Amino acid sequence: MIAVSRLRKVSWTRVVPVLGAVVLALAWGRDLGTVLVTIVAVVLAGTVLAAVHHAEVVAHRVGEPFGSLVLAVAVTVIEVALIVTMMISGGPDTASLARDTVFAAVMITTNGIVGLSLLIGAYRYGVTLFNSEGSGAALATVTTLATLCLVLPTFTASTAGPEFSSTQLAFAAVASLALYGMFVLTQTVRHRDFFLPVTAEGEPDAEQHASPPSLKETWISVGLLMVALVVVVGLAKVESPAIEAAVKAAGFPPSFVGVVIALLVLLPETLAAGRAARHDRVQISLNLGYGSAMASIGLTIPAIALASIWLDGPLLLGLGPTQMVLLGLTVVVSVLTVVPGRATRMQGSVHLVLFAAFLFLAIHP
């Protein structure tokens, strides 16, 4: 009876990261057939879901808005590791992988995650409420980072092509870190109330709907989260040849690999944001969406800039005309969504249509 009781206490979220580590050890460095590639993909998806669970446990313990940062930083670690490992193994063909992945992450977060969260919240509660001061500051930071790191390289003249010179890249990396650090300071210390869910009267609501986990449970989740992140990066590396082959076989452009990476690493954010919206805490959803976009640029670009010292070939960061139009339209629509501090299903639908347009044009440029 005691053994059965203990087995019941061991949830799948604790088993899957360990199972993923075993699968990673067995699959690393080997040529996998179709069946094994499928098994690895299933384990990878399960590990991502386990990672978001443990990140949410930690987030619940530390409280908002610190909790939103936990998942955003965890996702960025995965993203940077995937980009660097694929650029090392892919050679010159991956020169634009960082740009493609980061831009995809921006579009997924600002249109996909935000649009889905607004639609879920408005469908259940009629009108969603959030703090326009906090969300507006986050959106302004995302817009500045995206313009600085993804738009300007197309127009600079120091080097041929859509890339920065070494000096310009260093400046962009330092400026990105400074902006991200300033935002984190604002979100967690100086103006914390701007990023808390709001009540119907527009006041900050720090209410917790469930008791926070114990310190022991939190540390277990921290450990399993670290294991899950390593496993996700490793299994994604194992799966990367299959991903590239599938993209090529489908007739999609090589840049779509970046979209696949971004969709994979942002799955935890999407699930967490949707869950928060279902509980009428859309501010948390916006924190996750804009925070992930910000971290994806503000942390990924500096990390890639540092890694470029050892990487061969150019680092193409500048967006093309179609991408810049989509980015500009996203910024305009996002401003109109955020400024009122309330949204309906209409705003959510507009963002989701923009997200669909991004996916369609990524497949058929």
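What single numbered condition from (1) aliphatic (A, V, I, L, M); (2) open to solvent by 40 Å² or more (accessible area, probe 1.4 Å); (3) in contact with a strand residue (DSSP E or B) (Cβ under 9 Å, 6 or more places away or on another chain) fails to hold for ILE309?
Exception for ILE309: condition (3).
Inside segment 121-137, can you point out the residues that are surrounded by fewer than 23 Cβ atoms within 10 Å (Cβ to Cβ), within 17 Å of PRO197 (Cα to Cα) and out of contact with any strand residue (DSSP E or B) (no Cβ under 7 Å at 6 or more places or on another chain)?
Quick first cut of segment 121-137, residues surrounded by fewer than 23 Cβ atoms within 10 Å (Cβ to Cβ) only: 122-127, 129, 132-133, 136-137.
The next check asks that each one be within 17 Å of PRO197 (Cα to Cα); those that pass are 122, 124-127, 129, 132-133, 136-137.
Once the filter is applied, which keeps residues that are surrounded by fewer than 23 Cβ atoms within 10 Å (Cβ to Cβ), within 17 Å of PRO197 (Cα to Cα) and out of contact with any strand residue (DSSP E or B) (no Cβ under 7 Å at 6 or more places or on another chain), segment 121-137 yields ARG124, TYR125, GLY126, SER132, GLU133, GLY136, ALA137.
Among PRO268, PRO254, which is the only one that is touching a residue at least 60 places away in the same chain (Cβ under 8 Å) and not in a helix (DSSP H, G or I)?
PRO254
Scanning for something open to solvent by less than 60 Å² (accessible area, probe 1.4 Å), polar (S, T, N, Q), in a helix (DSSP H, G or I) and at pLDDT 80 or above, does segment 201-223 turn up at least one residue?
yes
Among the residues of segment 86-120 satisfying the criterion of being polar (S, T, N, Q) and more than 20 Å from VAL332 (Cβ to Cβ), which is most open to solvent (accessible area, probe 1.4 Å)?
Here the residue is SER89.
Just to verify a result, which residue in segment 55-64, among those that are under 21 Å from ARG190 (Cα atoms) and in contact with a Leu (Cβ under 7 Å, 6 or more places away or on another chain), is modelled with the highest pLDDT?
By that ranking, first place goes to ALA59.
Quick one: in segment 25-65, of everything that is among the hydroxyl-bearing types (Ser, Thr, Tyr) and free of Cβ contacts under 8 Å to residues at least 24 places away in the same chain, which residue is surrounded by the fewest Cβ atoms within 10 Å (Cβ to Cβ)?
THR34
So, ALA357, is that one in contact with a Leu (Cβ under 8 Å, 6 or more places away or on another chain), without any contact (Cβ under 8 Å) to a residue 40 or more places away in the chain and not aromatic (Phe, Trp, Tyr) or not?
Working: in contact with a Leu (Cβ under 8 Å, 6 or more places away or on another chain): yes; without any contact (Cβ under 8 Å) to a residue 40 or more places away in the chain: yes; not aromatic (Phe, Trp, Tyr): yes.
Spelling it out, ALA357 is indeed in contact with a Leu (Cβ under 8 Å, 6 or more places away or on another chain), without any contact (Cβ under 8 Å) to a residue 40 or more places away in the chain and not aromatic (Phe, Trp, Tyr).
Between SER158, SER135, which is free of Cβ contacts under 8 Å to residues at least 40 places away in the same chain and either within 25 Å of ALA356 (Cα to Cα) or of a type outside the set (A, V, I, L, M) (or both)?
From the options SER158, SER135, the qualifying one is SER158.
With the requirement that a residue be open to solvent by 20 Å² or more (accessible area, probe 1.4 Å), of a type outside the set (A, V, I, L, M, F, W, C) and in a helix (DSSP H, G or I), what does segment 271-288 give you?
ARG275, ARG278
Could you check LEU329 against (1) free of Cβ contacts under 8 Å to residues at least 60 places away in the same chain; (2) in contact with an Asp or Glu (Cβ under 6 Å, 6 or more places away or on another chain) and say which number it fails?
(2)
Is it the case, given these coordinates, that PRO340 is outside any helix (DSSP H, G or I) and at pLDDT 90 or above?
So PRO340 passes the test.
Considering (1) at pLDDT 85 or above; (2) of a type outside the set (Gly, Ala, Ser); (3) closer than 17 Å to HIS60 by Cβ, say which one LEU196 fails and leave the rest.
Of everything listed in (1) at pLDDT 85 or above; (2) of a type outside the set (Gly, Ala, Ser); (3) closer than 17 Å to HIS60 by Cβ, LEU196 misses just condition (1).
For segment 289-328, enumerate the residues that are assigned to a helix (DSSP H, G or I), among the aliphatic types (A, V, I, L, M) and either within 24 Å of LEU267 (Cα to Cα) or in contact with a His (Cβ under 6 Å, 6 or more places away or on another chain) (or both). Spell out how you get there, then give the answer.
Within segment 289-328, the first condition is being assigned to a helix (DSSP H, G or I), and the residues that meet it are 289-298, 300-307, 321-328.
Keeping just the survivors that are among the aliphatic types (A, V, I, L, M) gives 293-295, 297, 301, 303-307, 324-327.
Of everything in segment 289-328, those that are assigned to a helix (DSSP H, G or I), among the aliphatic types (A, V, I, L, M) and either within 24 Å of LEU267 (Cα to Cα) or in contact with a His (Cβ under 6 Å, 6 or more places away or on another chain) (or both) turn out to be ALA293, MET294, ALA295, ILE297, ILE301, ALA303, ILE304, LEU326, LEU327.
The values are calculated or read from the model by the stated rules, or taken from the named source; none is laboratory data. All values derive from a computational prediction rather than experimental measurement. A quick note on method: Cβ atoms are made from the backbone with ideal geometry, for glycine too, and the neighbour counts reach across all protein chains shown. Each accessible area value is taken on the protein alone, full model and side chains, heavy atoms only, with ligands, DNA and RNA left out. Shrake-Rupley method; radii C 1.70, N 1.55, O 1.52, S 1.80 Å.
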